[in-house]
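The block underneath contains the structure these notes are about, expressed in structure tokens.
What follows draws every value from the coordinates through simple rules; no lab data is involved. Small disclaimer: the values here were computed from a predicted structure and weren't measured. When we count neighbours, we look across all protein chains shown, and the Cβ atoms used for this are built from the backbone with ideal geometry, even at glycine.
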Amino acid sequence: MSDRPLRLRLHAVLREAAAVETIDLTVAADATPRDAFDAAAADIPALDPWRSVVAFGTDERLVPADRPIPSDIVELHALPPVSGG
């Protein structure tokens, strides 16, 4: 399997922690969203505390963290937990 490009878009506190909105990565064709986030956290250590709680999605749907990223996804959104009331 070959590698492929993926843009990781950070939202809210993740964007603030990383001080960037997007991160361009090269990931394995069978990479999971968690793999992509781990690669980003390796380059930007401020993301490391969020590894276990971040969720992932696209403009249309949520993407499971532990399943391979579908091949049609070129941009993945990293979503921190939210609270409200």
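Quick notes on this one:
- Fluctuation leader among GLU60, GLU21, GLU75 - the chain, Gaussian network, Cα springs under 10 angstrom: GLU60
- Phi to ³J(HN,Hα) by Karplus 6.51 cos²θ - 1.76 cosθ + 1.60 over region 30-39, Hz, x for Gly, Pro: 9, 5, 9, x, 5, 4, 5, 5, 4, 5
- For the chain, the mean residue ellipticity at 222 nm estimated from helices alone is -5500 deg cm²/dmol, where every DSSP H run of n ≥ 4 contributes -39500 (n - 2.57) and the total is divided by all residues, rounded to the nearest 500.
- Calculated log₁₀ intensity ratio I(q)/I(0) where the Debye formula runs over C-alpha points of the chain, q = 0.14, 0.21, 0.23 Å⁻¹: -0.41, -0.94, -1.13
- Charge-dipole axis of the chain as Lys and Arg at +1 and Asp and Glu at -1 on Cβ define it, positive-most pick from PRO5, ALA18, PRO49: PRO49
- Using C-alpha pairs below 8 Å separated by at least 6 residues, the relative contact order for the chain is 36 percent.
- Relative packing of peptides 64-74, 33-43 - highest average C-beta neighbours within 10 Å first: 33-43, 64-74
- Within a Gaussian network of the chain (alpha carbon springs, distance under 10 Å), most fluctuating of VAL54, VAL20, VAL63: VAL20
- Simple label model, 7 Å out from Cα along Cβ direction - ASP24 to ALA46, nm: 2.1
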